[in-house]
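Worksheet for the structure shown next.
The values are calculated or read from the model by the stated rules, or taken from the named source; none is laboratory data. Small disclaimer: the values here were computed from a predicted structure and weren't measured. Counting neighbours? That spans all protein chains shown, and the Cβs are built from the backbone with ideal geometry, glycine included.
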Amino acid sequence: MEYRSPVKDTWLHVQLAPTVDGLLLHVHEKSEPLPYQETVFPEEQLTTEVLEKLYVGVGVLTPEGIVLEINDAPLADAQVRREEVIGQPFAETPWWTPSPASQEQLRSAITRASLGETVRFETLIHPREGMDLYLEATITPHRDVDQRVSYLVYVGTDITARKRAEADIHALIDALPQLVWTSRPDGYVTYHNHRLINYLAMTPEQAEGAGWLAGVHPDDQQRVWEAWQTAIQTGRLYEVELRLQDGRSGTYCWFLTRGVPQRNAQGTILYWVGTCTDIEGQKRAEQQLKESRENLRVLAETVPQLVWVARPDGWHEYVNQHWRDYTGLTPEQVQSDKRAYLQFIHPEDRESNRAVVQRALDTGTMFEHEERLRNAQTGEYRWFLVRGMPMRDDTGQIIKWCGTCTDIEEQKRIEQALRESQERTSSLMNSTIIGVTIIEGEQIIDANDTFLRMTGYDRDDLHAGRLNWMRITPSEYLARTLEAHQELSSHQSMTPYEKEYLCRDGSRLPVLVGGAILEHHPHQAIAFVLDNSARKELEQRKDDFINMASHELRNPLAALKLQTAMLRRHLNKQGIHTAASALSTIETQLNKLTRLVEELLDVSKMQAGKLEYRRETVDLDVLLREIADAMQHLHPSHRILLQRAVHASLLGDRDRLGQVFSNLLSNAIKYSPDATTVEMELSATEETIRVRVTDHGLGIPQEQRDKIFERFYRVTGTQQKAIPGLGMGLYIVTEIVKHYEGTISVDSAVGKGSSFTVTLPKSRDA
Ligand code: ADP
């Protein structure tokens, strides 16, 4: 531009030209203003004085590269005079001729500048022998009014010192294990260290400027380029994650690229230094973390529990689908209402829940609480076990609470049932009436207080193993007891039976014992023991009474019988026959009564073990004949058929044996009211004699066949009850047969008849 100086009153022609380090101010003094089109023309040369004051080399060239003007600084370097280079092609001057590569750079720069481009390049020249000079050269075209390039301004700045420093830095940078780069303030990357070059597998020239961008993953290029441009424009730290291609393998790895601007004292950015750090491992870890988080989430959704995650302040951060389904709450509701969850807790459980959670928050320890939660859909409450666990960061600070709610309704129900069954068991164990023992082998391993009280033993005896059911069983009950245990192991239970225990003080306790194998401990059994002494005492009293009564009855009966017989004889003598025959009927009844009393007496003697047996030779066939005849006489209603295939004799009590067969025969007649015959049969083997009495009467129901041999037992049917009897006959029969070590058995069919078989050992010397 041109303007008039107000001070000197002269016209000034001013030009500004850009150089690397700033602007070149170019001022001409004129006496006359010139029309604008004349202000720029080739003759307008820089005055020597102006140029001399510059530290840089400045020259003016024709568009073809011919030197029009040059200042002193470069002349001194090359030790040439101005006249030697003015008018010469710049590229042919002594600065450039010794280094053909630089010469070539200059030529191409001149060509480009002459086409209108400002060209900048760095190069190494040798102005004179032994001198290396790094130059930063700028060639700026100047245009005339027709926009044609009329001349070129060349500015050459000595950057040798900087280059050396840079070389040092690069050597240093090359030694670094990182990937490092540097760039100019405008973002033109000037340098990549060896590692980076090797990684990218590019030449330094390929990577220079923006060439490195080709090594960035296509998906990242746009983002990276924008970030870099922003950094250059704002001068702020450049940091970006990008995938760089390993030039040799073609694979991409994640890097964190950072660029830091380097500034001078004034704060102007001189250059950028950057690094690329491999974060592939980190990225992979991040990915894995993401995956594992995802796995956890999937897990949380798959587990049957209700899962929740809450912040330390109590807000729910996450709840799984089960949780949402059960409570019917949406994640939004959960997140907007901290207490939303509480309404699902059974009112009776809320207070304890609050206390447990508060304690956990205060102490920072995990908590567990059983509570009933309401199902939103059905409205029913179910028992849950709620667990919360604190999660801490590296410093130990609680960052979250993670928890689960496990449905334990079923478990609770089972527990309840178990508790009830335990209560039942323990009430049984604590029974004051029933003694309970647990036995294993011969040992009583546990017993309740009642059992101990009954037997007089204590817990010490129990724990010391002094309670052994064999040892506390009196010898005469051992066989029966072993039989019961046999039954226990084969049938898993034993039919209650009567026995006695030997108490600690030597006394005996009558008991009723039953038991069963424990289902879950097959080698253990539980036994129930009932104190039988009261019943036994009652029985004893009854026996005593029977004994006494039969004795008391016998004497007056005998007197009555005697006097009746005397009276009958007397009446007969006097010829009062009708009265005498009436008396004989009385005598028959008296005889029946006498037999009954005798039987009662026998029973009571048998009970006391005091029945006496005579010893004599008994011809059984003869005995049976006599009995049959007597019976036939008494009972003409039935024909008694006697079969005696053998002659058999025994050593025994004739009357007692007679009792056996007459009882059986009289029963056979009694219990077959509609039949006309009964049979009695005698047979023998080498060893035994057998008598069988058979009738065709009522028969005996299967379930009562064993019981009929018991004292005072009578079959319960209406037909049987109509037939008089006291239930003593078969008992007496059994006791007598047992005395001779024989056996009795019954075979019967209801409505058809019964058959009783007595077997006696032959050579008994009883
Ligand atoms: P009693 O005949 O005095 O009742 P027993 O001891 O002789 O007493 O018999 C017991 C029970 O056995 C009888 O009440 C009867 O019901 C039944 N019984 C005995 N023998 C026979 C039999 N031959 N046929 C049917 N039932 C019989």
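Points worth noting:
- Pair list, Cβ < 6 Å and 6+ apart or interchain, from segment 681-693 residues that are closer than 10 Å to Ala648 by Cβ to residues that are polar (S, T, N, Q) and assigned to a strand (DSSP E or B): Thr688/Thr759; Arg690/Ser683; Arg690/Thr759
- Some residue of segment 220-235 being in the same structural domain as Pro185 (by TED's automatic domain parsing), over 43 Å from the mean Cα position of the chain (by Cα), hydroxyl-bearing (Ser, Thr, Tyr) and closer than 24 Å to Arg195 by Cβ: no
- Test: residue in segment 675-693 that is part of a strand (DSSP E or B), near the ligand (Cβ under 8 Å from one of its atoms), at pLDDT 95 or above and of a type in the set (S, T, N, Q): no
- Qualifying residues in segment 625-662 (those that are in a helix (DSSP H, G or I) and under 25 Å from Ala749 (Cβ atoms)) - the one farthest from the ligand (Cβ to nearest atom): Ala628
- Number of positions in segment 277-299 that are in contact (Cβ under 8 Å) with a residue 12 or more places away in the chain and either over 15 Å from Phe255 (Cβ atoms) or among the aliphatic types (A, V, I, L, M) (or both): 1
- All conditions in (1) closer than 25 Å to Tyr188 by Cα; (2) surrounded by 14 or more Cβ atoms within 10 Å (Cβ to Cβ) hold for Glu104, with the sole exception of (2).
- When residues of segment 694-725 are limited to those that are of a type in the set (Val, Ile, Thr) and assigned to a helix (DSSP H, G or I), the one nearest to the ligand (Cβ to nearest atom): Ile708
- Yes/no for Leu665 being crowded, with 17+ Cβ neighbours inside 10 Å, away from the ligand (no atom under 16 Å from the Cβ) and not in a loop (DSSP other than H, G, I, E, B): no
- Beta carbons closer than 6 Å, at least 6 apart along the sequence or on distinct chains, pair a first residue in segment 724-740 that is under 14 Å from Asp602 (Cα atoms) with a second that is away from the ligand (no atom under 11 Å from the Cβ) and of a type outside the set (A, V, I, L, M) for Ile732/Asp602; Ile736/Arg656.
- Residues satisfying the stated conditions in segment 748-766, i.e. under 23 Å from Tyr613 (Cβ atoms), within 7 Å of the ligand (Cβ to nearest atom) and of a type in the set (Gly, Ala, Ser): none
- Residues that are of a type in the set (Lys, Arg), within 18 Å of Ala608 (Cβ to Cβ) and exposed (fewer than 14 other Cβ atoms within 10 Å of the Cβ), drawn from segment 538-573: Arg541, Lys542
- Residues in segment 508-561 that are of a type in the set (Lys, Arg) and in a helix (DSSP H, G or I) were compared, and the one that is farthest from Leu488 (Cα to Cα) is Lys561.
- Ser507 in the same structural domain as Gly456 (by TED's automatic domain parsing), free of Cβ contacts under 8 Å to residues at least 60 places away in the same chain and farther than 19 Å from Thr455 by Cα: no
- Members of segment 388-413 that are of a type in the set (Val, Ile, Thr) and either farther than 25 Å from Arg374 by Cα or outside the structural domain of His369 (by TED's automatic domain parsing) (or both): Thr395, Ile398, Ile399
- Pairs, first on the phi > 0 side of the Ramachandran plot and of a type in the set (Gly, Ala, Ser) in segment 178-206, second at pLDDT 90 or above and in a loop (DSSP other than H, G, I, E, B), C-beta under 7 Å, six or more apart: Ala201/Gly247; Ala201/Arg248
- Check on Gly729, more than 20 Å from Val622 (Cα to Cα) and over 60 Å from the mean Cα position of the chain (by Cα): yes
- Some residue of segment 446-455 being more than 27 Å from Glu351 (Cβ to Cβ), without any contact (Cβ under 8 Å) to a residue 40 or more places away in the chain, assigned to a strand (DSSP E or B) and not assigned by TED's automatic domain parsing to the domain that holds Thr327: yes
- When Tyr477, Tyr497 are checked against the criterion of being among the aromatic types (Phe, Trp, Tyr), assigned to a helix (DSSP H, G or I) and more than 43 Å from the chain's Cα centre (by Cα), a single residue qualifies: Tyr477.
- Filter result (on the phi < 0 side of the Ramachandran plot and within 7 Å of the ligand (Cβ to nearest atom)) within segment 726-747: Leu726, Met728, Gly729, Leu730, Tyr731
- Residue match in segment 574-591 (condition: under 53 Å from the mean Cα position of the chain (by Cα), surrounded by 15 or more Cβ atoms within 10 Å (Cβ to Cβ) and under 26 Å from Phe712 (Cα atoms)): no
- Every pair of residues 6+ apart whose Cβ atoms lie under 7 Å, when the first sits in segment 534-554 and is in contact (Cβ under 8 Å) with a residue 40 or more places away in the chain while the second is of a type in the set (S, T, N, Q): Asp543/Ser604; Asp543/Gln607; Ile546/Ser604; Asn547/Ser604; Ser550/Ser604
- Arg311 satisfies every condition listed in (1) at pLDDT below 90; (2) of a type in the set (Lys, Arg); (3) out of contact with any strand residue (DSSP E or B) (no Cβ under 7 Å at 6 or more places or on another chain) except (3).
- Answer residue from segment 71-111, given it is part of a helix (DSSP H, G or I) and among the basic types (Lys, Arg) and is nearest to the chain's Cα centre (by Cα) among those: Arg107
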